[in-house]
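To keep things clear, I will list the structure first and then write my remarks on it.
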Amino acid sequence: MGPAEHEPESVDTVDEILVAGRWQRGLGECIESVDPATGRVFASLHTATVDDVDRAVTEGLRAARGGWSALLPHERARVLHRVGNALDDEAERVARLQTLDTGKTLTETRALVASAANTFRYTAAALETMDSALTTPRGPWLTMSTYQPMGVVAAITPWNSPIASDAQKIAPALAAGNAVVSKPPVWAPWVTLRLARICEAAGLPAGVLSVLPGSGRTVGEALVRHPDVAKVTFTGGTETGRHLAHLAADKLMPITLELGGKSPTIVFEDADLEQALAGVLYGVFSSSGQSCIAGSRIFVHRSIAETFTGELVRRAAALRLGPGTDPRTRVAPMVTFAHRDRVAAMVDDAVAAGARALCGGAIPADERLSSGAYYPPTVLTGADNAATICREEVFGPVAVVLPFDDEEDLIAQANDSVYGLACGIWTSDYRRAWRVAGAVKAGTVWINTYKQFSISTPFTGLGDSGLGTEKGREGIRQYCDQKSIYLDLSGEPIAWATPDPTETRKDASR
Ligand code: NAD
């Protein structure tokens, strides 16, 4: 499709990327951005090249050392505050841009922009109140543990919640005094570019932030391998993360990995069923299931399995599919047609292996939905926890119901996964909730709620779900080198290197 068939170029989709302080047309391949609700190309973008990576990193290091790192924390915080406030001011525009690019509902993209704005302000506040420690002296010294910027941080992000993932990485990395080179996903680069313009207008010095959309294999990998990149923070698939961990190991470079999941959500027989049904539906079908924390394995106590599943299926089938811009929509299109087809193929394979689709299970035939990348909420039964559909991440609106009999068996099944990202527990017995929360392999556990987030609460993945932690007050420390300083207070030379006083006396008597 030629440029004439694109939407008129809007200020938010100008074909420019930000390399080393300059907005310019990329010299890499040209990618077309498709609105997944309609299949229409709405913009195109020339991506970055490996040369751009080198320029962005080199200039980033210079810009950080030449000023940004040297600013006092409250001075950097002032810029981050302005970014947060400007995101609020531009919230509707950024949300609509993200809906266009990813298909997500406006309800969700508005929430993501609000979350990004809060992340910038929270990080600014945390930065202003972070102290270095005076440690207890064990000699005649002043001893301190201090923190300093690492240099250049590479932030590599996926397409499923771009503005929030960007903020979660870029805000603390900048707060710590680093330069950041962001590599947004090829499928959804626009909000990251918009965020860069907001950062620029908020007073972030030129060169401190570059945004290099491009393929992971070339641009992303060149960034990770670059000798002057001091840290990588990555959110994405487990296989990519594992590969990047190997590259990081070769450089002995720290890397934070937020990866995939196959999270259990557990409904006990004494759960408040209204609360559980709403939470389970939201946990797996919101974001059209394109969420690392989707509660996609639903363990239900056998005594209520039939009634609970029946009601779940009735409500799932009633969730309205439609474009993200329609306020009635609950399940928006998948991010791309290719991804939708991959989800459909995984369900087909599960059914061929013996599972039964109680609702959904096929690309909708509805004329209204024929031009978009839609897949309906799908509830499967008849698969056991060892089946591929229960082991591999689908990243779509697909849940499997798994009845269980007792707590011990339940925990064994819930933990029988390479992943360990999240878990939901629905019960009115708080002792049981506490016990199960302690026993499940998961970085985050929600009790009688699901998929709720707070920037002040750390987020981590266990097992194949990740390495390291993001968010929380300590989030900024992930982007610092720790340094210990000893300052002598005695004024005395170190004894080892001074003449032995008894020797001196002997010499004198000679
Ligand atoms: P992906 O791994 O394919 O890509 C993620 C990013 O990495 C993209 O920007 C991509 O271009 C880049 N990339 C790919 N190969 C690379 C390479 N060799 N070197 C450097 N960069 C490379 O993942 P995706 O399909 O974009 O996102 C979906 C995945 O992200 C799912 O598995 C999901 O669970 C995970 N995710 C995890 C979290 C979390 O916090 N744990 C949050 C959101 C998404």
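The values are calculated or read from the model by the stated rules, or taken from the named source; none is laboratory data. Computed from a prediction, not measured in an experiment: that's the story for all the values here. Counting neighbours? That spans all protein chains shown, and the Cβs are built from the backbone with ideal geometry, glycine included.
Quick one: which of SER296, SER263, SER291 is closer than 13 Å to VAL379 by Cβ and within 16 Å of the ligand (Cβ to nearest atom)?
Numbers: SER263 fails: closer than 13 Å to VAL379 by Cβ; SER291 fails: closer than 13 Å to VAL379 by Cβ.
None of the others qualify; the one that does is SER296.
Run down GLN98, GLN24 and say which single residue is of a type outside the set (A, V, I, L, M, F, W, C), without any contact (Cβ under 8 Å) to a residue 12 or more places away in the chain and closer than 17 Å to SER182 by Cβ. Before the answer, list the steps.
Details: GLN98 fails: without any contact (Cβ under 8 Å) to a residue 12 or more places away in the chain.
Within the list GLN98, GLN24, the selection yields GLN24.
Quick one: is VAL224 within 11 Å of the ligand (Cβ to nearest atom) and either hydroxyl-bearing (Ser, Thr, Tyr) or within 19 Å of the chain's Cα centre (by Cα) (or both)? For VAL224, the condition - within 11 Å of the ligand (Cβ to nearest atom) and either hydroxyl-bearing (Ser, Thr, Tyr) or within 19 Å of the chain's Cα centre (by Cα) (or both) - is met. When the residues of the stretch 454-488 are filtered to those that are aromatic (Phe, Trp, Tyr) and surrounded by 15 or more Cβ atoms within 10 Å (Cβ to Cβ), the one that is nearest to the ligand (Cβ to nearest atom) is PHE459. Beta carbons closer than 6 Å, at least 6 apart along the sequence or on distinct chains, pair a first residue in the stretch 479-494 that is touching a residue at least 24 places away in the same chain (Cβ under 8 Å) and hydroxyl-bearing (Ser, Thr, Tyr) with a second that is in a strand (DSSP E or B) and surrounded by 10 or more Cβ atoms within 10 Å (Cβ to Cβ) for TYR479/VAL153; SER484/SER145; TYR486/TRP141; TYR486/THR143. Where residues in the stretch 86-95 are in a helix (DSSP H, G or I), touching a residue at least 40 places away in the same chain (Cβ under 8 Å) and not small (Gly, Ala, Ser), which of them is farthest from PRO397 (Cα to Cα)? Of everything passing the filter in the stretch 86-95, LEU87 is farthest from PRO397 (Cα to Cα).
Taking each residue of the stretch 175-188 that is at positive phi and looking for partners that are more than 12 Å from the ligand (Cβ to nearest atom) with beta-carbon atoms closer than 6 Å, six or more apart or interchain, yields GLY177/SER69; GLY177/PRO149. Taken together, the residues in the stretch 478-502 that are within 30 Å of PRO172 (Cα to Cα) and among the hydrophobic types (A, V, I, L, M, F, W, C) amount to 3.
Quick check on my filter: what residues within the stretch 316-338 are surrounded by 17 or more Cβ atoms within 10 Å (Cβ to Cβ) and part of a helix (DSSP H, G or I)? Outline the logic, then answer.
Filtering the stretch 316-338 for residues surrounded by 17 or more Cβ atoms within 10 Å (Cβ to Cβ) gives 316, 319, 321-324, 329-336.
Once the filter is applied, which keeps residues that are surrounded by 17 or more Cβ atoms within 10 Å (Cβ to Cβ) and part of a helix (DSSP H, G or I), the stretch 316-338 yields only ALA316.
When ALA70, ALA63 are screened for being assigned to a loop (DSSP other than H, G, I, E, B) and in the same structural domain as SER10 (by TED's automatic domain parsing), only ALA70 passes. If I ask for residues that are over 19 Å from GLY461 (Cβ atoms) and touching an Asp or Glu at 6+ places or on another chain (Cβ under 8 Å), which ones from the stretch 398-434 would you list? Of everything in the stretch 398-434, those that are over 19 Å from GLY461 (Cβ atoms) and touching an Asp or Glu at 6+ places or on another chain (Cβ under 8 Å) turn out to be LEU402, TRP426, THR427, SER428, ASP429, ARG432.
May I ask you to say which residue of VAL113, VAL79 is in contact with a Leu (Cβ under 8 Å, 6 or more places away or on another chain), buried (at least 23 other Cβ atoms within 10 Å of the Cβ) and either assigned to a helix (DSSP H, G or I) or not assigned by TED's automatic domain parsing to the domain that holds ARG197 (or both)? Spell out the reasoning first.
Values: VAL79 fails: buried (at least 23 other Cβ atoms within 10 Å of the Cβ).
Among VAL113, VAL79, only VAL113 is in contact with a Leu (Cβ under 8 Å, 6 or more places away or on another chain), buried (at least 23 other Cβ atoms within 10 Å of the Cβ) and either assigned to a helix (DSSP H, G or I) or not assigned by TED's automatic domain parsing to the domain that holds ARG197 (or both).
With respect to LEU247, is the statement that it is more than 7 Å from the ligand (Cβ to nearest atom), at pLDDT 95 or above and not acidic (Asp, Glu) true? Criteria met by LEU247. Spot the failing condition for VAL400; the list is (1) buried (at least 22 other Cβ atoms within 10 Å of the Cβ); (2) outside any strand (DSSP E or B); (3) away from the ligand (no atom under 16 Å from the Cβ), and only one is missed. Against the list (1) buried (at least 22 other Cβ atoms within 10 Å of the Cβ); (2) outside any strand (DSSP E or B); (3) away from the ligand (no atom under 16 Å from the Cβ), VAL400 comes up short only on (2).
Among the residues of the stretch 309-360, those identified as within 16 Å of the ligand (Cβ to nearest atom) and over 19 Å from LYS104 (Cα atoms) are ALA345, MET346.
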